[in-house]
Amino acid sequence: FHVTGVQTCALPIFDFGRLFYCQITLNSAAREAARAVALRMTTAQINIAASDAAPNISGMSMNTTAMVITVVTTCAAASTSLDAPAKVTATKPFDWLIPVGVLNLFSPNSTDPGTSSLVARGAMLCT
């Protein structure tokens, strides 16, 4: 097995591309979960909305741990005035292909040098 310079350069580029894809997808999931909270859906419906917005995230992050949706702020019962926005946080572990333990210095929640924790936040005005 022989690794060329092109392969050595391509793997980190591929890995960072996966990272950006997963972060963008996680942002979409957080936004959809916030929308579901604003519409006063159940916890199961909120999780389904988030999962539907991020169908490929487990495969691309190469980590089978489920995406975690945490509702930070909920909406009050239906009212005639605007409430504070519904807020959620979405978290998903990301496994690196390249050895980037040094980069995990920027991810204080990570305990595994080959894994980073991606976090996204979503907010939506209550209806």
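The values are calculated or read from the model by the stated rules, or taken from the named source; none is laboratory data. Quick caveat: nothing in here was measured; it's all calculated off a predicted structure. We place every Cβ from the backbone using ideal geometry, glycine too, and count neighbours over all the protein chains shown. Side chains included, ligands, DNA and RNA excluded: accessible areas come from the protein's heavy atoms. Shrake-Rupley method; radii C 1.70, N 1.55, O 1.52, S 1.80 Å.
Looking at (1) at pLDDT below 80; (2) open to solvent by less than 30 Å² (accessible area, probe 1.4 Å); (3) not hydrophobic (A, V, I, L, M, F, W, C), find the lone condition where Lys92 falls short.
The number of the failed condition is (1).
Of all residues in the range 51-71, how many are open to solvent by less than 60 Å² (accessible area, probe 1.4 Å), under 15 Å from Trp96 (Cβ atoms) and touching a Leu at 6+ places or on another chain (Cβ under 8 Å)?
Total meeting the criteria: 1.
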